[in-house]
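The values are calculated or read from the model by the stated rules, or taken from the named source; none is laboratory data. Predicted model, so just to flag it, every value in this text is computed and none were measured. So basically every Cβ, Gly included, is an ideal-geometry build from the backbone, and we count neighbours across all protein chains shown. Remember, those area values only see protein heavy atoms, side chains included, never the ligands or the DNA or RNA. Shrake-Rupley method; radii C 1.70, N 1.55, O 1.52, S 1.80 Å.
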Amino acid sequence: MKLQQLRYIWEVARHDLNVSATAQSLFTSQPGISKQVRLLEDELGVEIFERSGKHLTRVTPAGEAILERAGDILRKVESIKQVAQEFRNDQKGTLSIATTHTQARYALPPAIKVFMERYPEVSLHMHQGTPVQISEMAADGTVDFAIATEALELFSDLVMMPCYTWNRCVIVPEGHPLASVKRLTIEDVAAYPIVTYVFGFTGRSRLDEAFHARRLTPRVVFTATDADVIKTYVRLGLGIGIIARMAIDEQLDSGLVMLDASHLFSPSVTKIGFRRGTFLRGYMYEFIELFAPHLTREVVDKAWQLQGKAEVEALFEGVELPTY
């Protein structure tokens, strides 16, 4: 059994069983990968992938168990490389982050700007996706950090730490009847068609909970993952918008009126998560603290050592989080 073979089966699974795409990503040949996969299966005496002709069709039950362990081994190998790199040059390396559009567009830029100025030799890679995709990328080691509001709690292998709280606002076109309302009610909002986030994105669940608590059924006529798209369709008159307060700039977003809705919806908490057992390099600690100043190296290490979500949550009880 060779480390290269484990990397091949891991990458084949990650590329949806497309051996050609895997070969391209690894800068090797398709026949070479297929041969090594077969050699590993022959050595183990089980099939990792089912086949239909020359095509891989699914991962076998044995393959699922093997891939899980192969992933653990590859992550440990990468951790060893990270340790060596830290001692060889603590100013150089890579940092990969998975997050949503809202975080990438509105919350992260100040921290990233300072980080890149301090660490010009660190390559930063940002992946955007749904909260579930983001969590999966952190859980399987594809990225170093996941930053999201929802879905991180679905993955028990992640150490999750709160970064900041935020709430929502309602946006309407200039001249809209709600623009003159001094203090919105949930009934005011429910009276109009709504344009907002796709369920599972950017605290959408808190929005639905607020309507449900008052036994109201909102008329959600259009959903998107991107606040800028939502603002576009509000300007077109499709409905009133409900977005994260951080996503509106009263000077840049001309033609829209922002109405406070923080009293209508429970605040949400954005968290940063990383896989338990991840080796955190010095600049990774610094990135976390730049993004969330209360998450010092000492605090992160305490959270890393705790077992289970409840213990980590207890660590942050009473901590006053920044608000966006």
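A few points about this structure:
- Residue match in the range 184-191 (condition: in a loop (DSSP other than H, G, I, E, B), in contact with a helix residue (DSSP H, G or I) (Cβ under 8 Å, 6 or more places away or on another chain) and surrounded by fewer than 19 Cβ atoms within 10 Å (Cβ to Cβ)): yes
- Residue in the range 154-163 that is part of a helix (DSSP H, G or I) and either open to solvent by 10 Å² or more (accessible area, probe 1.4 Å) or at positive phi (or both) present: yes
- Scanning the range 41-59 finds no residues that are of a type in the set (S, T, N, Q), without any contact (Cβ under 8 Å) to a residue 60 or more places away in the chain, part of a strand (DSSP E or B) and closer than 28 Å to LEU152 by Cβ.
- Of the residues ALA138, ALA98, ALA146, ALA104, the single one that is closer than 23 Å to HIS294 by Cα and surrounded by fewer than 22 Cβ atoms within 10 Å (Cβ to Cβ) is ALA104.
- Tally, over the range 72-95, of residues that are in contact with a His (Cβ under 8 Å, 6 or more places away or on another chain) and open to solvent by less than 50 Å² (accessible area, probe 1.4 Å): 1
- Pairs where the first residue, in the range 310-321, is in contact (Cβ under 8 Å) with a residue 24 or more places away in the chain and under 15 Å from LEU158 (Cβ atoms) and the second is assigned to a helix (DSSP H, G or I) and open to solvent by less than 60 Å² (accessible area, probe 1.4 Å), C-beta under 7 Å, 6+ apart: VAL312/ALA303
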